[in-house]
Structure formats: structure tokens, C-alpha cells
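The numbers here are math on the coordinates, done by the rules we state, and not lab data. Since the structure is predicted, the reported quantities are computational estimates derived from the model, not experimental observations. Reconstructed Cβ throughout: ideal geometry from the backbone, glycine too, with neighbour counts over all protein chains shown.
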Amino acid sequence: MSDKPQRYASWTAGKLPLPELMEMKRRGEKIVMVTAYDAPSGRLADAAGVDLILVGDSSGMVVHGRESTVAVSLDEIVFMTQWVTRGAKRPLVVADMPFGSYEASNEQAVANAVRLVKDGGADAVKLERGGTSIERARAIVDAGIAVMGHVGLTPQTATVLGGFKAQGRTADRAQQLVDDALALQDAGCFAVVLEAVPAPVALAVTKALAVPTIGIGAGGDTDGQVLVWHDMLGYYEGHSPRFVKRYADLGDAIVEALGRYAEEVRSGAFPEEQHTYAMPDDERAAFEKTKT
Ligand code: KIV
């Protein structure tokens with residue numbers, strides 16, 4: 001018997017199958033997605049039972065302290081995807097295609113998506129906008145890579161959109177959003193993120209699409225939700241959009257813990273006996289004798 005089936009079985013063991021997302025939509029089961037940027041966050045997201053992890057270019061802001069996501073490089077996303085996939089086994093890991101990695105041509109988009117899958121270990125990639133991104137998404141899907149779309153507020157092009165603000169708030173812009181989402185689905189996207197759009201528009205897109213919608217600031221009617229790790233865990237000092245819900249205050253917990261550590265180092269209360277290594281008495285005596 002060939003060893004191939006077994007190898008394949010262990011390679012995919014435990015991984016959420018991509019088609020299951022469509023089934024979840026069909027069953028009305030919500031899809032849970034969160035961002036992660038390193039092995040511990042990937043492992044913790046997996047342990048919490050999330051379905052999808054996004055290695056988002058939000059890293060540029062929440063991890064690297066930049067003002068926007070624009071400067072994030074492909075190398076950064078490749079490295080972070082490697083780290084996350086070492087920690088996360090069951091969730092599907094989606095790697096963001098950063099600004100400048102797919103706009104120029106289909107060839108550029110495919111080559112960089114291949115890199116995220118081959119070098120990063122991503123299960124899928126995500127790109128922003130309708131327009132030319134629809135053609136890029138189709139080219140990447142044709143190359144055999146799963147693609148997630150992203151419409152509404154697309155942070156990579158926030159300047160053109162007039163800033164980080166809600167999109168699709170007029171009838172025309174709302175219709176454009178529905179059309180873009182449908183076009184991304186037609187291009188082969190397996191899901192579409194809807195960011196900062198009015199709830200009725202998100203509902204219309206969700207009803208129009210056969211593939212799942214994943215909302216962030218898009219109300220409760222999308223097929224799933226995504227939040228940024230640092231925002232939801234209270235681990236980011238910058239501006240958090242109104243749609244963020246804080247599920248923990250890790251920033252405060254860390255400052256408190258570091259404060260106690262500093263106090264104990266300064267007072268000599270740390271380290272204690274249990275934090276130090278002992279030496280056999282005879283070796284210690286010999287050392288005491290020989291030391292200069
Ligand atoms: O980069 C990111 O984290 C994202 C989410 C906000 C959807 O694109």
C-alpha cells in the first residue's frame with residue numbers, strides 16, 4: 001500500500017476544512033475569526049476554538065506602532081505567518097497581502113500569494129478592495145490558492161476613502177459594495193470581509209452571497225465576526241474604533257505585573273530561594289577555596 005494517503009492524512013489532521021465554512025453559513029452557525037501575529041497568539045486562538053486566524057497587516061499599527069498599515073512588507077507577513085502556523089493547528093490561517101504586493105499585475109499578485117503559502121505556510125490569502133483586486137483575486141484562485149476578499153473600509157487605501165471611516169452609507173455606495181462583494185465571489189473568493197459598513201448593507205451583502213461574510217464593524221447579521229487581537233484584549237494604547245469590544249484588559253494587567261516585578265527587584269524581594277540554582281556543598285566549598 002502506498003504511504004501517500006497516510007502522509008496526507010497527517011498533514012491535514014485536525015485542520016478545519018475550507019468547505020466547512022460554506023456549510024457553517026448554510027447551517028446558520030457563526031464563524032469566529034481573530035487576528036494573530038506570533039506563535040503564542042496562534043496557539044491561544046487555537047486553544048479557544050476560533051475557526052479562522054488572520055495574520056493581518058493591522059500588525060503595522062498594533063504590533064509595530066505605525067500610523068497605518070501601508071508600510072507593512074510582504075516579508076513581515078511571511079515571518080508572522082510562519083510563527084502563527086507553528087502555534088495554530090486547527091484554525092485556517094489567512095495571510096493578508098500587504099499594500100504594494102498585488103496591485104501592479106496578476107503575475108505580481110500570484111507570485112506573492114504563492115510566497116505566503118509556500119514560505120509562510122498560510123492556508124489562504126486576503127486582499128482588499130473591489131476594482132482591480134477582483135481580477136487579482138481571480139488570478140490567485142486560478143493558481144490554486146484560496147482567497148478572501150475585503151470591502152467597505154479598506155485601511156490600505158484609507159487616504160483615498162477620506163480616512164478611517166464607515167463606508168457604504170449612501171444608497172449608491174451601498175450598491176457598489178454589494179456589487180464588489182458579488183464580483184469577488186464570482187472571482188472565486190471563499191469569503192468576504194465587510195469592514196465598517198452599516199448593518200443593513202452588511203445584511204444585504206450576506207443575503208446576496210453564497211459564500212460567508214465576515215464582519216468587523218458591520219453589525220450582527222454577517223456570517224462571522226473578526227476582531228483585532230490587541231483591540232479586543234485591551235493591549236493597544238492607540239485609537240480603537242467604536243465597533244471594538246474589549247474582552248480583557250491585558251495592557252493594565254501587564255503594567256501591574258511589571259510594576260510589581262520592578263518593585264521586588266528594587267527591594268531585593270525577587271529572586272527568592274526557589275528561583276535560584278543550588279550547588280553541591282563540596283563543590284561550593286572547593287570553589288570558595290579556589291576563587292580569587
Ligand atoms: O489587517 C487586519 O487585521 C484586517 C482586519 C481588520 C479585517 O484586515
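Quick notes
- Per residue, the convex hull around the alpha carbon atoms of the stretch 178-292 comes to 229 Å³.
- Helix axis angle, 171-186 relative to the chain longest principal axis, alpha carbon, degrees: 80
- Selection of GluC sites (Glu not before Pro), the stretch 191-279, meeting DSSP coil and at most 10 other Cβ within 10 Å: 237, 272
- Distance (nanometres) between label positions extended 7 Å along Cα→Cβ at residue 132 and residue 267: 6.2
- Cβ-derived FRET efficiency at R0 41 Å, residue 199 paired with residue 255, nearest 0.05: 0.70
- Exposure rule at most 16 other beta-carbon atoms within 10 Å, DSSP loop chymotrypsin sites (Phe, Trp or Tyr not before Pro): the chain longest free segment: 1-163
- Shown here is the pair-distance distribution of the chain: with all Cα-Cα distances grouped in 5 Å bins from zero up to the longest one, the shares run 1, 5, 11, 15, 16, 15, 11, 6, 4, 4, 4, 3, 2, 2, 1, 1, 0, 0 percent.
- Pairwise centroid distance, computed over Cα atoms, of the stretch 125-173 with the stretch 252-268, Å: 44
- When DSSP beta bridges are restricted to pairs lying wholly in the chain, around 0% turn out antiparallel.
- Principal-axis tilt of helix 250-267 within the chain, Cα atoms, nearest 10 degrees: 10
- Among 223, 282, a tally of other beta-carbon atoms within 10 Å of each Cβ gives an order, fewest to most, of 282, 223.
- Label-point separation in nm, residue 237 to residue 277, each point 7 Å along Cα→Cβ: 3.6
- Pairs of lysine residues in the chain - Cα separation under 19 Å, sequence separation of 8 or more or cross-chain: 12
- Cα convex hull volume per residue for the stretch 129-183 (Å³): 77
- Counting 0.36 nm for each residue step from residue 108 to residue 176 and taking away their Cα separation leaves a gain of 21.9 nm.
- Residues 41, 68, arranged from fewest to most other Cβ atoms within 10 angstrom of their Cβ, appear as 68, 41.
- Averaging over all projection directions, the Cα-based convex hull of the stretch 102-233 occupies 8.1 nm² in the image plane.
- Candidates 181, 210, 196, ranked by Gaussian network fluctuation over the chain, Cα under 10 Å, top entry: 210
- Local net charge near residue 55, Cβ-Cβ under 10 Å (Lys/Arg +1, Asp/Glu -1): -3
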